[in-house]
1. Applying the selection to segment 71-89, what residues are in contact with a Leu (Cβ under 7 Å, 6 or more places away or on another chain) and over 29 Å from L356 (Cβ atoms)?
2. Do we have T269 as surrounded by fewer than 18 Cβ atoms within 10 Å (Cβ to Cβ) and either under 30 Å from K149 (Cα atoms) or of a type in the set (F, W, Y) (or both) here?
3. Within segment 272-319, restricting attention to residues that are of a type in the set (A, V, I, L, M, F, W, C) and in contact with a helix residue (DSSP H, G or I) (Cβ under 8 Å, 6 or more places away or on another chain), which residue is farthest from N148 (Cα to Cα)?
4. If you check E126 against the conditions, is it surrounded by 15 or more Cβ atoms within 10 Å (Cβ to Cβ), in contact with a helix residue (DSSP H, G or I) (Cβ under 7 Å, 6 or more places away or on another chain) and in contact (Cβ under 8 Å) with a residue 12 or more places away in the chain?
5. Can you tell me which of E20, E71 is assigned to a helix (DSSP H, G or I) and surrounded by fewer than 16 Cβ atoms within 10 Å (Cβ to Cβ)?
6. When the residues of segment 229-255 are filtered to those that are polar (S, T, N, Q) and surrounded by fewer than 19 Cβ atoms within 10 Å (Cβ to Cβ), which remaining residue is nearest to D217 (Cα to Cα)?
7. Out of all the residues in segment 194-245, which are in contact with a Phe, Trp or Tyr (Cβ under 7 Å, 6 or more places away or on another chain), in a helix (DSSP H, G or I) and of a type in the set (A, V, I, L, M, F, W, C)?
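The values are calculated or read from the model by the stated rules, or taken from the named source; none is laboratory data. What you see is a predicted model, and the numbers here were worked out from it, not measured in a lab. Note that we place each Cβ from the backbone using ideal geometry, even for glycine, and neighbour counts take in every protein chain shown.
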Amino acid sequence: MGSFDTLVVGAGFAGSVLAERLANVLGQRVLVVDKRAHIGGNAYDCCDAAGVLIHPYGPHLFHTNSDNIFEYLSKFTQWRAYEHRVLASVDGQLLPMPINLDTINKLYGWSLTSSEAEKFFASVAEHKAEIKTSEDVVVSKMGRELYNKFYRGYTRKQWGLEPSQLDASVAARVPARTNRDSRYFTDKHQAMPLHGYTRMFEKMLAHPNIEVMLNTDYRSVMHAVAHKHMVYTGPVDAFFDHRHGKLPYRSLQFRHETLQQAQYLPAATVNYPNDHAYTRVTEFKHITGQEHACTSIVYEYPSASGEPYYPVPQPESAALYRKYEAEVEQLQGVTFVGRLASYRYYNMDQVVAQALTAFKTIAAAQSFSFHP
């Protein structure tokens with residue numbers, strides 16, 4: 001295969017963005033390796049046996065407030081405008097989530113106005129001198145009853161821990177809306193790649209200077225293929241052979257089903273905070289806009305083992321990560337980028353932003369002039 005300027009480990013957002021920039025802007029020869037049989041990381045999508053476009057690793061919903069990130073990705077895809085909406089199964093009703101004015105009125109059979117809802121939240125909120133935990137965040141905004149109905153059970157299933165054991169960051173963005181906005185996200189740009197994520201990644205990696213090797217552990221090629229620099233997007237603790245111990249993650253198990261009907265759910269996702277072992281069910285056709293006689297859904301079951309999805313937000317985890325972070329800072333010739341390499345829960349746009357920032361740093365260090 002010859003020699004390469006950069007070896008990129010991982011063909012998800014972080015690795016693909018950096019590979020594309022290094023090849024397109026700096027003219028580098030880049031080898032991208034991924035242990036999986038496909039590109040795209042967890043955002044990979046494909047058609048199931050019935051021909052319905054699904055996300056094998058659970059729903060991936062693109063949203064961002066950044067014009068730059070949206071414009072950058074628009075080089076590789078057209079978009080389908082899409083605003084995600086979620087319902088929560090609570091007390092025998094399907095109610096808008098995050099909690100808004102309609103949620104409160106339907107739950108209690110009221111007809112509050114926005115100003116009355118604001119007063120209601122204030123009346124039930126528990127004052128907290130200091131917000132330390134996920135539980136503190138929610139009960140300080142909307143009180144304990146709504147916390148128990150909508151959040152506590154979901155969080156316990158998702159994390160295997162009580163919200164009182166989790167860092168406040170888990171629920172930091174939980175809103176208590178007093179309007180009727182039922183959108184799950186409020187970002188400026190909310191859209192799905194028109195032909196799917198995989199097609200977008202294919203275009204991103206289509207540069208003639210980029211070679212892709214799938215079903216490949218990077219350790220099997222890193223010493224066999226000449227390269228000047230490495231971009232690593234895998235688990236940071238695995239890179240260092242877990243010398244300080246394994247960083248804790250929560251994982252997910254997915255149960256996919258195809259149904260012989262055109263539509264199954266009244267919204268894209270239904271959360272089940274208090275019933276069943278699964279946390280939520282998603283119907284993909286709401287998200288993709290695909291027209292098909294069948295529909296496909298996925299049930300999500302949180303798990304303590306499996307692929308690493310969510311860093312466990314506890315002080316012990318942060319302390320352990322700092323040991324690996326110190327190792328990273330001492331290392332030359334390797335750039336760590338992405339969720340797993342940074343031990344952070346990032347949205348997709350945040351990973352893109354981190355990768356673009358890393359590219360600028362690499363380019364500056366190599367004394368290249370470029371146009372972002």
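1. Selection gives L87, A88.
2. No; evaluated as a whole, the condition is false for this residue.
3. Ranking the candidates gives I297 first.
4. No: the conditions fail for E126.
5. E71
6. Selected residue: S251.
7. M200, M204, V236, F239
Rundown of residues vs (1) over 23 Å from F185 (Cβ atoms); (2) modelled with pLDDT under 95, yes/no style:
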{"site": "V298", "(1), (2)": "no, no"}
{"site": "Q314", "(1), (2)": "yes, yes"}
{"site": "Y321", "(1), (2)": "yes, no"}
{"site": "A326", "(1), (2)": "yes, no"}
{"site": "R339", "(1), (2)": "no, no"}
{"site": "Q354", "(1), (2)": "no, no"}
{"site": "A364", "(1), (2)": "yes, yes"}
{"site": "P372", "(1), (2)": "yes, yes"}
